[in-house]
Amino acid sequence: MIATTPSWVFLFLGFYFLTSGILFVYGAHAYMMAFLYLRALRRAPPRPESGPLLPVTIQLPVYNERYVIGRLIEAVTRLDYPKSLVEIQVLDDSTDETVEEAAAMVARLNADGWTAVHRHRKHRVGYKGGALREGLAEAQGALVAVFDADFLPPPEFLKETIPYFQDPAIGMVQTRWTHLNEGFSSLTRAQAAALDGHFLVEHTVRNRYGAFINFNGTAGIWRKECIQSAGDWQDDTLTEDLDLSYRAQLAGWKFLFLPSVECPAELPAEVNGLKGQQFRWAKGSAQTALKILPRIKEAPLPRFVRFEALVHLTNHLVYPLLLLLGILAFPALRILDHHPETAVLFRVATILAVASFGHPWLYLVAQRARQRNYVEAWFLVALVVAGNMGIAINNTRALIEGLLGLHSDFNRTPKYALTTRRDHWRGKAYHPRASVWSFLEIVFALYSGVALAYAVRHGHWLAVPFLAMYAMGAGTLGFLSVYNSWARSRTGGPTPALATAPGK
């Protein structure tokens, strides 16, 4: 019967196999990371003896942060470290009252005996990377700590990280992000679980097994010489932190990740802010991959390090693959019903696709490491998986823009000082605009719903949970994007006009 099967069916099958196969590679890698994590725990670096206290410059890059600038600077002043060895740089690109508030706080710091400077730029050349670069040129410290406006470094941060710089090869120490408002909503809980997977599992495994890791843009501390010798902060990508991290490690510097040192931060609590952040990360990762992978190929690196760099820098390819798989699912089920002779081939491809879900297992391992019970852990994993499927359109577009070299501005994620469930972002400034692409997410959710109904009616039970995740994830994110913009217009403030792209 296969001989009479139309050729276009095999063409479709080949494309379905290719999509499932590439997803399987990334999923198998996630399984490997989860497995290696348990062994990596035994490879923790020994804590060094207390050494000399080195001078530190603390850089605080801010842009329109009226709700959080005060608590950020206050947290920095609580750091348990001699004032005489600390320089504070408020690198301020703001265009609102944040400028006056920051300047007044810096003046009070200087009056209290701190060495502090308020650098206000009106041009925003290079965005965050440009601000860090200009600040570094004037930095007095041998070490440079960076904190974004939504972070609250704990008092012991410097004393927990600086001793490791006794090793002259250490160029950067990264600490683990924790979450001030994790319990604010299902949206923040899902983000926290995803970030736990990245930090607790991926970062730990890569660092303990000698692969490259990245500075995550904040909550880390650099050796100034490392930044300068690696070519300084550059702004030709939207992820200047990832770019500099790879350049520094290619230059021979060692990085260290300390999962035991926690630095809490505020998660985006509004879906359009989350989309903008994810858009920036996905596009910047694509730009960095184009820039760095040729250097990785030419560098004399072990195979494991080279492979991990490839997976790390191209990991956002998972999103267009997930999107493709969701689009192909409905016609695949119909072809299977009309051409039962292809059932074996479709089953193999489906097994590949199912086996590719190594990331949920990775997230589960991270939640168990946080002492979650299995019920709560699996619930959070389901939220993350649905969210990843739902945000696939947003991140696919970002990836395409990055690969094609299309320009977009660096748009920071709005912060609202949300720490309890009673707080709210409505009625505050900085509300990001919805994108016209949000309506495409709703259309994709409806399409997935039709495919889900078809799968249930025809007994394709293996496809049911995944199609349900697509419908729930895309529908929720698309609806909330539009609804939140409408709600914002009802509470006053600037009218949230529809944007032409996420994060713009």
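One line per residue, one yes/no per condition, for (1) touching a Lys or Arg at 6+ places or on another chain (Cβ under 7 Å); (2) over 19 Å from residue 413 (Cα atoms):
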residue	(1), (2)
126	yes, no
139	yes, yes
181	no, no
192	no, no
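Which one of these is hydrophobic (A, V, I, L, M, F, W, C), surrounded by 22 or more Cβ atoms within 10 Å (Cβ to Cβ) and assigned to a helix (DSSP H, G or I): 386, 382?
386
Answer with yes or no whether residue 212 is in contact with a Phe, Trp or Tyr (Cβ under 9 Å, 6 or more places away or on another chain), among the aromatic types (Phe, Trp, Tyr), surrounded by fewer than 24 Cβ atoms within 10 Å (Cβ to Cβ) and part of a helix (DSSP H, G or I).
no
Say we look at region 240-267 and pick out the residues that are outside any strand (DSSP E or B) and either modelled with pLDDT under 95 or of a type in the set (A, V, I, L, M, F, W, C) (or both); which of these is farthest from residue 310 (Cα to Cα)?
Per the stated criteria, the residue is 266.
Filtering region 391-440 down to residues that are over 28 Å from residue 319 (Cα atoms) and touching a Ser or Thr at 6+ places or on another chain (Cβ under 7 Å), which residue is modelled with the highest pLDDT?
Looking at residues that are over 28 Å from residue 319 (Cα atoms) and touching a Ser or Thr at 6+ places or on another chain (Cβ under 7 Å), I get 426.
Can you tell which of 20, 7 is exposed (fewer than 14 other Cβ atoms within 10 Å of the Cβ) and of a type in the set (Ser, Thr, Tyr)?
That would be 7, the only listed residue that is exposed (fewer than 14 other Cβ atoms within 10 Å of the Cβ) and of a type in the set (Ser, Thr, Tyr).
Which condition number in (1) in a helix (DSSP H, G or I); (2) modelled with pLDDT under 95 is the one that residue 449 fails?
(2)
Checking the condition closer than 30 Å to residue 251 by Cβ, of a type in the set (Ser, Thr, Tyr) and either assigned to a helix (DSSP H, G or I) or free of Cβ contacts under 8 Å to residues at least 40 places away in the same chain (or both), which residue from 342, 350, 288 passes?
288 is the lone residue from the list that is closer than 30 Å to residue 251 by Cβ, of a type in the set (Ser, Thr, Tyr) and either assigned to a helix (DSSP H, G or I) or free of Cβ contacts under 8 Å to residues at least 40 places away in the same chain (or both).
So in region 152-171, with the set limited to residues that are touching a residue at least 12 places away in the same chain (Cβ under 8 Å) and over 21 Å from residue 82 (Cα atoms), which one is farthest from the chain's Cα centre (by Cα)?
In this case the residue turns out to be 167.
Please identify the pairs in which a residue from region 249-261 that is farther than 13 Å from residue 157 by Cα has its Cβ atom under 7 Å from the Cβ atom of a residue that is in a strand (DSSP E or B) and not hydrophobic (A, V, I, L, M, F, W, C), counting only partners at least 6 apart or on another chain.
Within 7 Å, the pairs are 253/171; 254/171; 255/171; 255/174; 257/174.
The values are calculated or read from the model by the stated rules, or taken from the named source; none is laboratory data. Bear in mind that the values here come from a model prediction, so they are computed numbers and not experimental data. Neighbour counts are summed over all protein chains in view; Cβ atoms, including those assigned to glycine, are modelled from backbone coordinates with ideal geometry.
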